[in-house]
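Data first, discussion second: the structure below is written as structure tokens.
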Amino acid sequence: QPKSIPQRLSASEHPTSGLLHFKMAAPVYCLESVAQNANIFDEYVEGINCPVYAGFFGVMGATSAMIFSALGAAYGTAKSGTGIANTAVIKPDLIMKSIIPVVMAGIIAIYGLVVSVLIGGGMSEPTKYSLFKGFLDLGAGLSVGISGLAAGYAIGIVGDSGVRGFGIQQRLFVGMILILIFAEVLGLYGLIVALILNTKGSSIVCHAEPINPCCEAGLVWKPADGGCVSV
């Protein structure tokens, strides 16, 4: 079977002095003795694309999504809750309006829960879970988790100061809500990216196709046939 092999250029022939590069020479023939011993097969039982440790990355992605988003929600709830308690002492009739930051902080944890459930559902068949899918799920978990942590931190600070100011000047209410919305969407951005990543990589096959450098893609050398055949 004809096979093009690289021919090395000398340093003086290449425009970048001191570097050795390759160019394709005229086609030559692979020796049959070489071609019949050049077949490369996937020798892993689980498949080279689905190692046993691939699930670790998926589990860490689900864990990261839940832990970091819960940390953000907890901080936002606790921080704004102190402001609500302070305002309730002065004006008890404003408690229900002041509870909005706590609700928005709690939504952050729901984002992480949704992504964690999706990642866990995709790991129902460990023998078909690829390493690339594990990387995607890890990225999805970190995306929604750390975004949720940042959003919860912002909601907590704004909620605390905003509620205290709202207790004194009620015209601040609309401005406080707008600021809280823009803080909330930070977590939403992470959720969108996480959902996009989670939908990718499901079609990867665990076992790689056999190859032979002397044959075309997807073909191997079979001595009985004296040439390249499909497997």
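The values are calculated or read from the model by the stated rules, or taken from the named source; none is laboratory data. Quantities reported herein were computed from a predicted structural model and do not represent experimental measurements. All Cβ positions, glycine included, derive from the backbone under ideal geometry; neighbour counts span all protein chains shown. For accessibility, only protein heavy atoms count, side chains too; no ligands or nucleic acids. Shrake-Rupley method; radii C 1.70, N 1.55, O 1.52, S 1.80 Å.
Structure notes:
- Matching option when the condition is open to solvent by less than 30 Å² (accessible area, probe 1.4 Å), over 20 Å from PHE57 (Cβ atoms) and β-branched (Val, Ile, Thr), among VAL229, VAL174, VAL220: VAL220
- In the set (1) open to solvent by 20 Å² or more (accessible area, probe 1.4 Å); (2) more than 18 Å from the chain's Cα centre (by Cα); (3) in contact (Cβ under 8 Å) with a residue 40 or more places away in the chain, the condition left unmet by GLY152 is number (1).
- Selection status of ILE181, surrounded by fewer than 17 Cβ atoms within 10 Å (Cβ to Cβ), assigned to a loop (DSSP other than H, G, I, E, B) and at pLDDT 75 or above: no
- Filter result (of a type outside the set (A, V, I, L, M, F, W, C), surrounded by 12 or more Cβ atoms within 10 Å (Cβ to Cβ) and over 14 Å from GLN169 (Cα atoms)) within region 84-97: ASN86
- Candidates LEU197, LEU188 - the one that is in contact with a helix residue (DSSP H, G or I) (Cβ under 8 Å, 6 or more places away or on another chain), part of a helix (DSSP H, G or I), at pLDDT 75 or above and within 22 Å of ASN49 (Cβ to Cβ): LEU197
- Comparison of SER17, SER12, SER33 shows that the only residue that is modelled with pLDDT under 80, open to solvent by 60 Å² or more (accessible area, probe 1.4 Å), of a type in the set (Gly, Ala, Ser) and assigned to a helix (DSSP H, G or I) is SER33.
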